[in-house]
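So the structure is just underneath, and the comments pick up after that.
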Amino acid sequence: MNTGNFKEEFIKKYEAYVMKNNISPEVSIIIPCYNVQEYIEECISSVIKQTFKNIEIILINDGSNDLTFNILQAFGEIDKRIILINQENKGVSSARNKGLEIAKGKYITFLDSDDWIDEDYIEKLYAAVSKNSCDIAVSDMIRKRQNSQKYRLKFNEEKIYTSLSDKINIARVPVCCYLCGKLFKKELINNFKFKENVYFEDMLLLPEVLKKSDKLITVPNTNYYYRVNKNSIVKKNQSPKKQLDSYRAHKYIVRFFKENNLILPEKNQRITKYIKYFLNIPILKTKEYKNILTTYLFGFLPVGVKKIPDNLKYKNLKKFFFIRNLDSHFYIELFKFLKISFKNKNEFNYIETKSYGLEKNTRNPKLIVSLTSFPDRINTVHFTINTLLNQTVKPDKVILWLADSQFKNKEKDLPETLLKLKEQGLEIKWFEDIRSYKKLVPALIEFPNDIIITADDDLYYQKDWLESLYSSYLKNPDCIHTRRACGINLKDNEFKVTPHYANNNYKLTYLNQLMGGAGTLYPPHSLYKDILNIDEIKTLIPTHDDIYFWIMAILNRTKIKLVKAKDVNLYTIKNSQNSGLCKIQSTSGMPPREAFKKILKKYPEAYDLLEEEAVNE
């Protein structure tokens, strides 16, 4: 690496100016780096040579497995303005977000690690944006191929724009939807985060940044050089996920222009949804335009047309979720008219426990079995708890959560058969009435760093029930483990549900829809933060806790493992079925498909993650 020419020239001038005077940087330059050993020297050299000296250079090595990190370290020894972060591979969005977290400059600019800038780039953008009190400065941009180059953005004058329409046109959205080639006021850009684990992250963010800004200024006669790198992540990877992310990004652009009364050229409204390849040759392309899907043979010959319902996001919900009752030991409803009964006729060999049922040795994290009940079942719940205290793997705690509003005199209203189990280790705790959510939410609040295993109050549990869940957890501690789940799959562009008795998807996946009755193990911090939003729980889908828990897992990027067990039958306690969620849902409550539709409207990102997982299955 030829760095000797820099050392004397830059260390003496820049370090003396910036470091010794303890001057805070005016501009932070954020550069994510991943496997760019061929290009990174040219990139960083162009930054070190900037005529504007008061900068910090934030280099984030995103898990490179070539010589990139070694080159970054060498530059770090040359220029003390360099801040080097080394992280496991999480993607460019994660790296940029990390850079934003630590940036100290009043202004922020992004540089891709295979690109470079003119020596006066920062000086000219900073002068323009600061003297005119603008939020964004935009430079000329040159697309550089191996044997040619072309201006992607070219400005003739320094000019300020304030309307959203002008700012969108100047930035050439969506054709040149890049965060690079721009200098942002930190107060503006800090209001945003890059969406992680997606392609085309700039396209999802830049329009919102432009909308939020007050003034944008163009800066001519200094260039950002965008290298067309055939080995870049976007160019190289042509996966189904990339297709899906591209479609979503362009769909977002169409929606953004419509919602903000902007004119989007017709060619940019015709967006590709799917491409089918044969021997790496694109055979079929499905394009969307004004709610019409057209399939083209070889990209130009139309062979099929399909109308899309107006509400595309939820068009598959009716078929997506046809389990009528999550209390599945009663019946499953298929397409509103066919009901299949699943009453379990097997008998459970019930033995009342006489010994202490908890683990006596220290375990970290603790295993906490959590369940809830209510007045109609309070006289039979001791049968369930007896089986939970008679496990081959002992829990650290067994907690029954009750609503103090339902038992005015608290323990004085509870049967002696239940209270006696406190001698074997049962704890009875009190919480507000959030229905069946009580089996998990209060335990998450009180024991955030422990493992919570949920059980229902109307079942007998086999002796190896907890052992099967805990053994599965020890092999995969970062996912949720459940003994029953419906399978979700994508067929002919529509979601279908495989009932739990036919589901054999033992992968780590979002596509196992939780059914908590048979038992579910939640590792610490495995659910999205809104799991603790009590007001939302009580109003959003109050009678469908398992759907809510499932969506919270997906939003937290926690996958679900279906546990292989010898016996996953549900052994129902006699006379416990006269009330419960199944009755509430089939009478006064909303059907599961409506609950699912409602929560997806609140959290559309969960739908996107499900669709992405299904496409990649």
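Under 8 Å for C-alpha pairs, at least 6 residues apart: give me the relative contact order for the range 235-313, rounded to a whole percent. Present the calculation step by step, with values, prior to reporting the outcome.
Values: 97 pairs, mean separation 13.6, N = 79.
Relative contact order comes out at 17 percent.
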Handout entry: Candidate aspartates and glutamates - alpha carbon under 19 Å from residue 154, same-chain residues fewer than 8 apart omitted
Key = 115, 118, 119, 120, 123, 140, 166
Problem - Pairs beyond 31 Å (Cα-Cα), from 150/251; 212/602; 167/306 - result: 167/306
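Given just the C-alpha atoms of the range 235-313, how large is their convex hull per residue in cubic angstrom? Intermediate results must be reported in sequence, preceding the final value.
Numbers: hull volume 8.3 nm³, N = 79.
Spread over its residues, the Cα hull of the range 235-313 gives 105 Å³ apiece.
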Exercise for the section: Calculate how many DSSP beta bridges within the range 331-616 are antiparallel, expressed in % of all such bridges and rounded to the nearest 5. Expected result: 55 percent
Handout entry: Per-residue ³J(HN,Hα) for the range 357-364, Karplus 6.51 cos²θ - 1.76 cosθ + 1.60, θ = phi - 60°, Hz, x for Gly and Pro
Key = x, 10, 5, 8, 8, 6, 10, 9
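Could you order peptides 425-438, 252-265, 397-410 by the average number of other Cβ atoms within 10 Å of their residues, highest first? Display every interim value, and only then the final one.
On the way: 425-438: 18.6, 252-265: 13.9, 397-410: 16.9.
Result, highest mean Cβ count within 10 Å first: 425-438, 397-410, 252-265.
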Exercise for the section: Please sort 117-127, 533-543 by packing, taking for each peptide the average over its residues of neighbouring beta carbons within 10 angstrom, highest first. Expected result: 117-127, 533-543
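Shape of the range 115-184 from its Cα gyration tensor (a ≥ b ≥ c, root eigenvalues): rounded if a/c is under 1.5, otherwise prolate when a/b > b/c, or oblate?
Details: a/c = 2.20, a/b = 1.30, b/c = 1.69.
It is oblate, given that a/c is not under 1.5 and a/b is not larger than b/c.
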Fill in the blank from the handout: Taking only the alpha carbons of the range 4-233, the radius of gyration and the largest Cα-Cα distance, Dmax, both in angstrom, are 16.6, 48
Problem - Solvent-free Debye scattering, log10 I(q)/I(0), computed from the Cα coordinates of the range 377-534 at q = 0.16, 0.19, 0.20 Å⁻¹ - result: -0.99, -1.30, -1.40
Practice task
Output the pairs from 507/564; 397/564; 241/559; 242/276 with a Cα-Cα distance over 20 Å in this structure; if there are none, say none.
Solution key: 397/564
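Rule-based calculations on the coordinates, nothing more; no lab input. Note that this is a predicted model, so its numbers are computed, not measured. Virtual Cβ from ideal backbone geometry, glycine too; neighbours counted across all protein chains shown.
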